[in-house]
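The values are calculated or read from the model by the stated rules, or taken from the named source; none is laboratory data. Keep in mind the model is a prediction, meaning the values are calculated, not measured. Note that each Cβ is placed from the backbone with ideal geometry, even for glycine, and that neighbours are counted across all protein chains shown. The accessibility values were calculated without ligands, DNA or RNA, using every heavy atom of the protein model including side chains. Shrake-Rupley method; radii C 1.70, N 1.55, O 1.52, S 1.80 Å.
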Amino acid sequence: MPTAKLRKVVIDAGHGGKDPGCLGKISKEKDIALAVALEVGALINELQPDVEVIYTRTTDKFVELSERARIANTAMADLFISIHCNANRANYVVGTETYVLGVESNDTNLEVAKRENSVILDEDNYKQNYRGFDPNSPASYILLANYQYAHRNNSLSFASKIEKQFASKQQRKSRGVKQSGFLVLARTAMPSVLIEIGFLSNEEDERYLNTDLGKSFTAASIYRAFRDYKNEIEKK
Ligand SMILES: [Zn+2]
């Protein structure tokens, strides 16, 4: 067996352009996600010079979910990191969650996936591009079951490292590793995670993510998890 190498990573800032993502009182998901994504990429470029960083967007532009996965698959990336912010009707809910693709999700996790998948309704050819996938129909989620199976263990390992960093280094509330039916993860052909870095529906989380320090700590946590994951798979 050749030694596994982590040479290419795709960093995917959620939403963009006409799709703002979820809205807080003072900020939009698309802006926070992009700022943190660029910081994560800068840290990898600086500290892991043998790794190529590929972004799905570096500006405020709309990118279809299928295009995000296509960028990663075409580059034959070794890892896909999608960065998002969360929202909940209950504004007291705080903290971070990292998702891997899974279909046995509970209702709360399904709500997060539905919200993140619903962006395809803004895309021009979504019916053709996603072969009839309906982000609001629970039945559609069962079809995602077979994707990502080969990469499940690596995705879970990386996800748990991210949540561990959030909890230990940042003193933030980690809501843990979860699974749900995220279309963007289903489409990628490599280990992939989707990180919800905090709730814009919560005042405290939103304020934190709107400080330079909060963004930098968040990016540094994701970077350290990336470094540890890279060391782990290259040691095997
Ligand atoms: Zn999002």
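Remarks
- Where region 27-153 is the region considered: accessible area per residue in Å², 1.4 Å probe: 49 Å²
- Mean projected area in nm² (Cα convex hull; one quarter of hull surface) for region 108-236: 9.1 nm²
- Cross-link table K215/K235; K8/K173; K8/K30; K61/K215, entries beyond 27 Å C-alpha to C-alpha: K215/K235; K8/K173
- Unit charges on C-beta of K, R, D, E only; dipole of region 182-221, Debye: 280 debye
- Magnitude of the charge dipole for the chain, about its Cα centre and with charges confined to Cβ atoms of Lys, Arg (+1) and Asp, Glu (-1), is about 520 debye.
- Surface share of carbon and sulfur [accessible, 1.4 angstrom probe, percent] for the chain: 51 percent
- Reciprocal of mean inverse Cα separation for the chain (Kirkwood radius, Å): 17.5 Å
- At q = 0.21 Å⁻¹ the log10 of I(q)/I(0) for region 24-87 amounts to -0.95, computed by Debye summation with a single uniform scatterer per C-alpha, solvent ignored.
- If only the Cβ of Lys and Arg carry +1 and only the Cβ of Asp and Glu carry -1, the dipole of region 14-115 around its Cα centre is close to 520 debye.
- Using C-alpha pairs under 8 Å with a sequence gap of at least 6, the mean separation divided by the residue count of the chain gives a relative contact order of 32 percent.
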